[in-house]
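Just so you know, all these numbers are worked out from the coordinates, no wet-lab data involved. Treat the numbers as computed from the prediction; the structure is a model and nothing was measured. Note that each Cβ is placed from the backbone with ideal geometry, even for glycine, and that neighbours are counted across all protein chains shown.
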Amino acid sequence: MALRNHPTPLKIGSAIRHFALTSDPHYPTILAREFNLLVPEDAMKCGTICAQQNTYDFTAADTIAHFAQQHQQALRGHTLCWHLSFAPWMKKLTTLELEQTLQQFITTIVSRYRGQCYAWDVVNEALTDDGHLRRSLWSRIEAFIPKCFRWAHQADPDAQLIYLDYRLHKPGRQRAIHKLASELRAEGIPIHGIGLQLHHEASRAIAISKLILPNLSQSFQRLGLSAPLR
């Protein structure tokens, strides 16, 4: 039985690289047969789409979106704002120009895949290990986190909007992200979930999942948020 046909309410997903769809004959076959959810690895990131100033290149993203549609797979957009994804030309922009650029990017890409991307990782890894806001190009924009969520919601009011981060089994990061989520909810920001990354070897990931993640998920659920694993 293919993984996607297993009787479970969970989506069985995979990251996807667009170039592998044509470079490896086995890759698209396995993706289509086994998975019912796809997450583009890089194709929808700002640094990829906006590599050239005043130009949007949706070639890779459209290829993945078409593949998902063709094989009746859910598509999750990843990721709208990440400290490691921007084009070099953006460093020369004023703060106002940078904010306008980010807003236009988010509005354009979320609108383009409205109705197909059921969810978006809106902001990714914005906090440091000690729980402070990470200094980055995007942090030059005042209140950039709530702004990103508002812009995405305006572009697709039906999409689930997620804050995504890693090492949430660490108490300090748990508290910081819980605080961030609480503040966003209190301000009426349209955030619907916290994405939990698990970058671990299998044995450690299983231990963390059993001992820590249930309580962590419950703490976010009490805020009215989902807590999907990535």
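Under a Gaussian network description of the chain, with springs only between Cα atoms under 10 Å, the residue in 60, 119, 152 that fluctuates furthest is 60.
Extension gain for residue 91 to residue 34 (0.36 nm times residue separation, less C-alpha to C-alpha distance): 16.4 nm. Around the Cα centre of the range 7-221, unit charges on the Cβ atoms of Lys, Arg, Asp and Glu (plus for the first two, minus for the last two) sum to a dipole of about 420 debye. Helical runs assigned H by DSSP (4 residues or longer) give the chain a calculated mean residue ellipticity at 222 nm of -12000 deg cm²/dmol, each run adding -39500 (n - 2.57) before division by the residue total.
Listed cross-link partners 11/170; 147/170; 45/147 are compared with a 19 Å cut-off, the Cα-Cα value being larger for 11/170; 147/170. Loop-located trypsin sites (Lys or Arg not before Pro) in the range 1-85 (DSSP state not H, G, I, E or B) with no more than 11 neighbouring Cβ atoms inside 10 Å do not occur. Size descriptor for the chain, Kirkwood hydrodynamic radius: 18.4 Å (Cα pairs only, one decimal). Proximity of backbone amide H atoms, modeled 1.01 Å from N, is registered between residue 198 and 230 at under 5 Å, excluding neighbours fewer than 5 places apart on the same chain. Place a label point 7 angstrom from the Cα of residue 187 along the Cα-to-Cβ direction, then list the residues of the range 120-163 whose backbone nitrogen is under 11 Å away. From the range 120-163, the list is 142-150.
Placing dummy labels 7 Å off each Cα toward the beta-carbon, the span from residue 22 to residue 51 is 1.3 nm. Can you tell me which aspartates and glutamates have their Cα less than 18 Å from the Cα of residue 91? Leave out same-chain residues fewer than eight positions away. The reachable aspartates and glutamates, counting only those whose Cα sits under 18 Å from residue 91, are 99, 142. Taking the charge dipole of the chain about its Cα centre, with +1 at Lys and Arg Cβ atoms and -1 at Asp and Glu Cβ atoms, the residue from 194, 25, 148 reaching farthest to the positive side is 194. Remark on residue 45: its backbone amide H falls under 5 Å from those of 79, a criterion applied only to residues 5 or more positions apart or on other chains, H modelled at 1.01 Å from N. Note on the range 1-130: Kirkwood radius taken over Cα pairs, Stokes-Einstein applied at 25 °C and 0.890 mPa s, translational D equal to 155 µm² s⁻¹.
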